[in-house]
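**Student:** Take a look at the following structure, please.
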Amino acid sequence: MVETRLIDGKAAAQALRARVAAAAAALKAQHAIVPGLAAVLVGADPSSEIYVRGKAKATRAAGLDSVEHRLPAAAGEAELLRLVAALNADPAVDGILVQLPLPAQIDPHRVIEAIDPAKDVDGFHPQNVGRLWSGGRAMVPCTPYGCLMLLRQTLGSLTGAEAVVLGRSNIVGKPMAALLLAENCSVGLAHSKSRDLPAIARRADILVAAVGRPELVRGGWIKPGATVIDVGVNRLPGADGKSRLVGDVAFAEAQGVAGAITPVPGGVGPMTIACLLRNTLIAACRRRGIAEPAL
Ligand code: NAP
């Protein structure tokens, strides 16, 4: 039986936020710059509201500027593109975040491609995606970068490890695979059409689950001693009528098998917002040719 270590994403995120706050204070003192993040929310999706509010609060707490722009749910694509163009042109805005999903009448690809890649703090613009895969200086998507930070903190070097990512979304799975490849892992990327998912997962020294299926990954899917990063956030009805959050990994079954695992909540989630602040600060430095702090 393996002793399973808990990877504390909350503590890691707090430490990263403190490093961002210190770097922001130095930018202000030395260059009179306060990096600014603009969040755009179309419609009033309740979970998007919660995310945007949480992001704004964390942004201000780190000493960065935060502005929110709200458009009605019926807003057209042209209206949103006009707003993005205005934010691209605004020198006080270093990072632009358009909260997804967007209403059906708006093509998210057209909106993402309209964002200035230098201000694309989500790292979704094709120019940043290309740079990530080709080894250039990209803005890297926040959730997978947060996962990478937790992996480095847990394992040190990742070189030579067999890594398997479950899920191939543009937001998590694909950029996660690119990051692991850049760390010299041998990378497998599995999805809903993969044959024999448990066998693929069992190969992994590093297993990242990002499928959005509650507790899909069972204890028997995990190689003994593997490091497991659970990105999934799934809401299930609780016994008392309240909902409870579970990940994509059957957490209790992973105990005694995994070498280390992130909990849900308190694992990857807090790192995502901290990495958004990091990206905003880095964007502010790069746009002005100022040396980037090590974060
Ligand atoms: P997504 O866009 O829905 O993608 C899900 C991926 O999982 C797809 O590639 C899909 O395969 C694959 N998949 C679905 N069911 C599967 C199955 N039964 N077996 C194998 N693969 C399966 O989701 P996402 O945006 O990547 O998010 C994934 C999860 O992470 C969600 O729970 C989300 O809430 C969570 N998340 C958390 C954070 C955070 O900060 N903690 C951030 C982002 C997302 P196909 O491509 O074949 O359809």
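**Student:** Students often check this: by mean Cβ neighbours within 10 Å, which of 11-20, 152-161 ranks highest, and how do the rest follow?
**Tutor:** Details: 11-20: 18.2, 152-161: 13.6.
Most protected by this proxy first, the peptides run 11-20, 152-161.
**Student:** For the stretch 222-237, take each phi angle, set θ = phi - 60°, evaluate the Karplus expression 6.51 cos²θ - 1.76 cosθ + 1.60, and give the result in whole Hz per residue in order, putting x for glycine and proline.
**Tutor:** Ordered by residue, 3J(HN,Hα) equals 9, 5, x, x, 5, 9, 10, 10, 9, 8, x, 10, 10, 9, 10, x Hz.
**Student:** Now, a different point. Taking amide hydrogens as modeled 1.01 Å from N in the peptide plane, which residues meet the under 5 Å criterion relative to Glu183, leaving out close sequence neighbours?
**Tutor:** none
**Student:** Now, a different point. Tell me which residues come under 5 Å, amide H to amide H, from Leu189 once H is placed; ignore anything under 5 positions away on its chain.
**Tutor:** Val165
**Student:** Let me ask something additional. So what J values fall out for the stretch 11-23 if you push phi through Karplus, 6.51 cos²θ - 1.76 cosθ + 1.60 with θ = phi - 60°, rounded to Hz, Gly and Pro as x?
**Tutor:** Once θ is set to phi - 60°, the couplings for the stretch 11-23 become 5, 5, 5, 4, 5, 5, 4, 5, 5, 5, 4, 5, 5 Hz.
**Student:** Semi-axes, largest first, in whole Å: what does sqrt of 5 times each Cα gyration tensor eigenvalue give for the stretch 38-152? Display every interim value, and only then the final one.
**Tutor:** Details: eigenvalues 100, 63, 42 Å².
Here the semi-axes work out to 22, 18, 14 Å.
**Student:** I've got another one for you. Spin-label point model (7 Å from Cα, Cβ direction): what's the Arg152 to Ala85 distance in nm?
**Tutor:** 3.9
**Student:** Counting Lys +1, Arg +1, Asp -1, Glu -1, what net charge surrounds Ala18 among other residues with beta carbon under 14 Å of its beta carbon?
**Tutor:** Numbers: positive: Lys10, Arg17, Arg19, Arg278; negative: none.
Net charge around Ala18: +4.
**Student:** I've got another one for you. First measure r as the distance between the Cβ atoms of Glu292 and Leu245, then evaluate 1/(1 + (r/R0)^6) with R0 = 35 Å and state the FRET efficiency to the nearest 0.05. Walk me through the intermediate numbers first.
**Tutor:** Numbers: r = 34 Å, r/R0 = 0.98.
Efficiency for this residue pair is about 0.55.
**Student:** What Rg and what Dmax come out for the chain when only alpha-carbon atoms are used, in angstroms?
**Tutor:** Over the chain's Cα set, Rg and Dmax evaluate to 19.3, 58 Å.
**Student:** Here's something else I'd like to know. Using the Cα centre of the stretch 1-150 as the reference point, and only Cβ charges (+1 on K/R, -1 on D/E), how large is the resulting charge dipole? Debye, rounded to the nearest 20. Let's see the in-between values first.
**Tutor:** Working: 15 positive and 15 negative charges, 113 e Å.
Rounded to the nearest 20 debye, it is 540 debye.
**Student:** In square nanometres and to one decimal, what's the mean projected area of the convex hull around the Cα atoms of the stretch 176-295? Walk me through the intermediate numbers first.
**Tutor:** Numbers: hull surface 39.0 nm².
Approximately 9.7 nm², given one-decimal rounding.
**Student:** Oh, and also: Counting only residues 5 or more places away or on other chains, whose amide H sits under 5 Å from the amide H of Gly36 once H atoms are built in the peptide plane?
**Tutor:** Here Asp65, Asp94, Gly95 satisfy the definition.
**Student:** Calculate, for the chain, the solvent-accessible area per residue in square angstrom, rolling a 1.4 angstrom probe over the heavy atoms of the protein chains. Present the calculation step by step, with values, prior to reporting the outcome.
**Tutor:** Values: 13470 Å² over 295 residues.
Value returned for the chain: 46 Å² of accessible area per residue.
**Student:** In this model, which of Lys10/Lys174; Lys57/Lys119; Lys57/Lys242; Lys10/Lys242; Lys28/Lys119; Lys10/Lys193 are farther than 28 Å apart at the alpha-carbon?
**Tutor:** Numbers: Lys10/Lys174 24 Å; Lys57/Lys119 20 Å; Lys57/Lys242 25 Å; Lys10/Lys242 23 Å; Lys28/Lys119 19 Å; Lys10/Lys193 33 Å.
Exceeds cut-off: Lys10/Lys193.
**Student:** Using Stokes-Einstein with the Kirkwood hydrodynamic radius over Cα pairs, what translational diffusion coefficient do you get for the stretch 62-104 at 37 °C and a viscosity of 0.692 mPa s, in µm²/s rounded to a whole number?
**Tutor:** 279
The values are calculated or read from the model by the stated rules, or taken from the named source; none is laboratory data. Remember, it's a predicted structure, so these values are computed and weren't measured experimentally. Here Cβ is always computed from backbone atoms with ideal geometry, including for glycine, and neighbour counts include all displayed protein chains. All accessible areas refer to the heavy atoms of the entire protein, side chains included, with ligands and DNA or RNA removed. Shrake-Rupley method; radii C 1.70, N 1.55, O 1.52, S 1.80 Å.
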